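Novice: Following this message is one structure expressed as structure tokens.
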Amino acid sequence: MNEEELMEISERMGNKVHKVWMEKRRKEKGWHSPEECPIRKAERISVNASMMGMPLGKFCDNCHPCMRPYKDLPDSVKELDREYPKVFLKILNEMGFQVIKRVGYIDTDEFYKE
């Protein structure tokens with residue numbers, strides 16, 4: 001697997017990891033994006049949002065700036081989602097495993113095409 005393939009796989013896996021993270025937080029903690037906030041307490045400042053280059057203002061305790069589609073996240077946050085897949089794939093490679101793409105494979109993976 002070359003570096004370009006590693007990056008492509010890491011990107012796709014990072015997207016899926018982020019979706020799973022969001023679904024879990026939404027279900028277990030009731031988190032939502034600031035855009036979905038029913039309360040909108042704009043006077044409170046969110047350090048997390050400002051660190052990620054997102055608009056300041058925290059709307060309620062269940063708002064989280066990363067509760068948005070992967071494609072809309074800043075690169076610094078996407079990199080966190082890509083890191084574990086990269087490490088996983090490198091470990092497989094170091095152990096002698098190969099990831100082989102099937103000939104004639106047609107990409108129908110809807111989770112990546114938001």
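Novice: What about Ile100, is it loosely packed, with under 11 Cβ neighbours inside 10 Å and either of a type in the set (Asp, Glu) or modelled with pLDDT under 90 (or both)?
Specialist: The answer is yes for Ile100.
Novice: A follow-up question, please. Pairs, please: C-beta under 9 Å, at least 6 apart or cross-chain, first residue loosely packed, with under 13 Cβ neighbours inside 10 Å and in the stretch 69-91, second among the basic types (Lys, Arg)?
Specialist: From residues that are loosely packed, with under 13 Cβ neighbours inside 10 Å, the pairs are Pro69/Lys19; Lys71/Lys78.
Novice: Look through Ile106, Ile45, Ile39 and report the one residue that is within 22 Å of Ile9 (Cα to Cα), modelled with pLDDT under 80, among the hydrophobic types (A, V, I, L, M, F, W, C) and more than 17 Å from the chain's Cα centre (by Cα).
Specialist: Just a single option satisfies the conditions, and that option is Ile106.
The values are calculated or read from the model by the stated rules, or taken from the named source; none is laboratory data. The model shown is predicted, which means the values in this text are computed figures rather than measured ones. Glycine gets a Cβ as well: all are built from the backbone with ideal geometry, and neighbour counts include every protein chain shown.
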